[in-house]
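Structure first, then comments.
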Amino acid sequence: MPSQDDINTMQVLLRTHRQTLGILLEQQAKLGVYAPAGVLIGIAEARASIAQAKVALRDWGVTVDDLPNDQSSEAPPVAPGPAGAPPSAVAASGDVIIGTVGAGAQGVAIGKQITQVLGSPGTPGDDRHAIDALLQRCEHELAAAGLDATLIGMAEFQLGLLAGELRKLDPRATPSASTVSQVGGWLLDNLPPLREALAALFAAPAVRRVLGRADADLSGWLQRRFGA
């Protein structure tokens, strides 16, 4: 059986993934059909992570509510698209289920005539859009926290350093693991009002892709600070 700490960590992860999903859904609503692929992929990946967290908690005997945004609504049939159109634009007939699946999703249910659109890593431009939205949330939380002006100034400087590393989206650029861990640790330790926003930032698939190219492995630090 898992310990209470394991359960608490999984519950925090579930909340974090739901917060990330909420931010991305807001971006999608604002941009409509112009939403970049990175936002759509992030939504699918967040929902896959939510589903996995809910399964784990329920297996441990923990009651978990299903929220409306946890799953996407069924897509209605669409008109046939031109030759070479993406799968989402192709007409469906019969009992067809169309699902968008995150790149790392596992255990996806299958059924009659399912068509799956597998998510792939977004372009640097797509990832920048998602990362910027999450950084803006941190900035808004900082502005609303009512902290001492000196602390706010230090926090803004640290957030600027972190943003500089997370925006190294060119495949040839190498983020500094020491800068990320030191700045991230300082923000977590000194700014409790930002902890949820920071957890959502570091859990985002776009951010994880950047951190995966850092000059040292950050998985241990992420596990210690965020439980994943």
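Values in this text are rule-based calculations from the coordinates and carry no lab data. None of the values given here were measured: they were computed from a predicted structure. Neighbour counts are summed over all protein chains in view; Cβ atoms, including those assigned to glycine, are modelled from backbone coordinates with ideal geometry.
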State the extension gain, in nm to one decimal, for the chain segment bounded by Thr179 and Phe157, taking 0.36 nm per residue of separation less the distance between their alpha-carbons. 6.7 nm
Nearest 0.05, what FRET efficiency do Arg213 and Ala149 give at R0 = 41 Å with Cβ-Cβ as r? 0.70
Going by how many other Cβ atoms sit within 10 Å of their own, how do Phe226, Phe157 line up, fewest first? Phe157, Phe226
Computed from the beta carbon distance with a Förster radius of 22 Å, FRET efficiency for Asp6 and Asn69 to the nearest 0.05 stands at 0.30
In segment 167-220, the trypsin sites (Lys or Arg not before Pro) that sit in a DSSP loop and have at most 15 other Cβ atoms within 10 Å of their own Cβ are Arg172, Arg213
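Can you tell me the FRET efficiency between Glu26 and Arg58 if r is taken as the Cβ-Cβ distance and R0 is 41 Å, rounded to the nearest 0.05? All intermediate terms of the calculation are to be shown ahead of the outcome.
On the way: r = 28 Å, r/R0 = 0.68.
It comes to 0.90.
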Between the modelled labels at Asp189 and Val33 (7 Å from Cα along Cα→Cβ) the distance in nm is 5.1
What is the projected area of the convex hull of the Cα atoms of segment 124-226, averaged over all directions, in nm²? 5.7
Cβ crowding within 10 Å averaged over residues, with 36-46, 137-147 ranked highest first: 36-46, 137-147
